[in-house]
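The next block holds one structure in the form of structure tokens; read it before the comments.
The values are calculated or read from the model by the stated rules, or taken from the named source; none is laboratory data. Note that the coordinates shown come from a computational prediction; the quantities given were computed from them, not determined experimentally. Here Cβ is always computed from backbone atoms with ideal geometry, including for glycine, and neighbour counts include all displayed protein chains. Note: areas computed on protein heavy atoms with side chains; ligands, DNA, RNA excluded. Shrake-Rupley method; radii C 1.70, N 1.55, O 1.52, S 1.80 Å.
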Amino acid sequence: MKHFTFTLLYLSLVATSSVNAQLIDQSIATLTTKNVYIDRNYIGKNVPQVASKEWAQGLILNLNSGYTEGLIGAGVDLYAGLGIKLWGDAEHSRGTGMLPIDLKTGEPTDTFAEIAATVKFKYAETELKYGTLFPKTPVVIASFSRALPQAYRGLQLISKDLEKIKIEMTYLDQVNHRDSTNYEKIKLIPANGRFKPIESDHLYYIGTNYSLNPQTEISLFHANLDDIYCQYYLGLNHIYPMNNEMNLSTDFRYFRTVDTGQKMAGKIDNHHGNFILGLSKNNHKFSVGYIHNSGDTAFPYLSGGETATYMDSWATDFLNQNEKAYTIRYDYNFKDYVPGLKAMTRYTYGKDIRLDHITELKDKELYEKELGFDLIYQIQTGTFKGLNFRGRYANYDNNFGSRPTFKSANETRFNIDYTWKFK
């Protein structure tokens, strides 16, 4: 009913075009197609499922209006998504997070669709939005890594009125996951059994990004998941041009998370920090990093999404209690030979892991490691300029046994994405 009301509001705004010329003139429409294949083959012993794999096609339509004329402009953004199963079955689909699953049969849904709207208002360089939101911050990220995106419902205020400063304040009370068309309460992910999948009534955050100069940005954020945790974040990114061919980059991120209110998920006490040093020259970039977890618990994060920690690992998260991880990465851009082609390889090793809540793993020396490869090609010219192909492979191994969420596996992913823009 709410989405229908938003749609009527949008149509009424457009209908009064003589008053709202900017609403129409500044409107932008995009249609994105996402073809996604995920194949995660488990290689450990006594696994309950041999593999998790699905293939799906996503169609994502965004209609973003301009703003009405006047001191305070108004507008509406519309989002519609359609997911189509290309392959999937009850034996293999569980665990991919891409297609809705029939709870009775275990079969993935053949098609699923959703439509949503966001009302927005603008004064100078300050925007207020209510409805469907796709936040991308250090403390909340709406994931776009499946056929359809993850979305949140709430109220968001973003201001860029101060020079070099972006301020963001957001209240969220519902989430629509990538493999669902229904909104539900926000909850913790129960990865490796570290926390219970406890639901919360709402989450709010406030943060700022300050661009000290074009090479340096500082970020400060605070988030509160009601009656579960408080989280504080400090980020510092810097690029130092050494000469015309060589740059030195640093990326530092620190999270402090503690329980709060009724502590519904139990004790939460985590320090997470990571520091990445990168050296790039012409087509090459070489990076090394260190990831540090300390405190009485693991790092908590939201179900169904991603984290803004440095590791964008596909098979694990390197966020267990007390875990220390070391990573090395190499990127190469083939722009001089095949424009649009890029490659990456990365190895990460985590140790000193504690999973004491699992009896057979208490006081055991635990490790996890991942070797990953990434190949991306984007067409640079012609009719299909912007058509993007991506292939990823990861070999992940640990000695956790069969009970934890993350299990040793070989994982392959393919994406084909393309976006049409209409003015």
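Descriptive notes on the structure:
- Straightening the chain between GLN262 and ALA113 buys 50.0 nm, computed as 0.36 nm per residue apart minus the Cα-Cα spacing.
- Measuring how big the chain is from its alpha-carbon positions, Rg and Dmax come out at 22.4, 72 Å.
- Karplus-based coupling profile of the range 163-179, in residue order and whole Hz: 4, 6, 10, 10, 10, 9, 10, 9, 10, 10, 10, 9, 9, 10, 6, 5, 10, with θ = phi - 60° in 6.51 cos²θ - 1.76 cosθ + 1.60 and x standing for Gly or Pro.
- Carbon and sulfur %, accessible surface of the range 306-383 computed with the full protein complex present, 1.4 Å: 52
- Solvent-accessible area per residue in the chain equals 49 Å², computed with a 1.4 angstrom probe and all protein chains kept.
- Nearest-ten-degree value, helix 2-15 long axis tilted from longest Cα axis of the chain: 40
- Evaluated at q = 0.12 Å⁻¹, a Debye calculation over the C-alpha positions of the range 23-126 (equal weights, vacuum) places log10 I(q)/I(0) at -0.58.
- Annotation: amide H of LEU133 within the under-5 Å range of TYR152, ARG153, GLY154, sequence separation 5 or more or interchain, hydrogens built in the peptide plane.
- Zone residues, the range 380-423, relative to ASP356, backbone N less than 19 Å from point 7 Å out along Cα-to-Cβ: 400, 404
- Straight-distance crosslink candidates among lysines, where the alpha carbon sits under 16 Å from LYS129 and sequence neighbours closer than 8 are dropped: LYS2, LYS120, LYS160, LYS166
- Computed across the range 255-315, the Kirkwood radius stands at 13.9 Å (inverse of mean 1/r, all Cα pairs).
- Net dipole in debye of the chain [+1 Lys, Arg Cβ; -1 Asp, Glu Cβ; about Cα centre; nearest 20]: 500
- Virtual paramagnetic centre 7 Å along Cα→Cβ of LEU277, amide N under 18 Å, in the range 206-244: 236-243
- Residue among ASN388, ASN46, ASN64 with the largest mean-square fluctuation in a Gaussian network model of the chain, springs linking Cα atoms under 10 Å: ASN46
- The value of relative contact order for the range 249-319, using C-alpha pairs under 8 Å at least six residues apart, is 28 percent.
- Spatial separation of Cα centroids for the range 267-295 and the range 344-402, in angstrom: 15
- For the chain, adding -39500 (n - 2.57) for each run of n ≥ 4 DSSP H residues and dividing by the number of residues yields -1500 deg cm²/dmol at 222 nm.
- Once the C-beta distance of GLU163 and PHE384 is scaled by a Förster radius of 41 Å, the resulting FRET efficiency is 0.55 to the nearest 0.05.
- Fraction of accessible area attributable to carbon and sulfur, the range 118-224 (%, probe 1.4 Å): 56
- Between GLU365 and SER294, the FRET efficiency from the beta-carbon distance, with R0 = 25 Å, is close to 0.90.
- Alpha-carbon centroid distance for the pair the range 204-224 / the range 53-123, whole angstrom: 29
- Fully extended contour minus Cα-Cα distance, from GLU91 to TYR332, at 0.36 nm per residue: 83.0 nm
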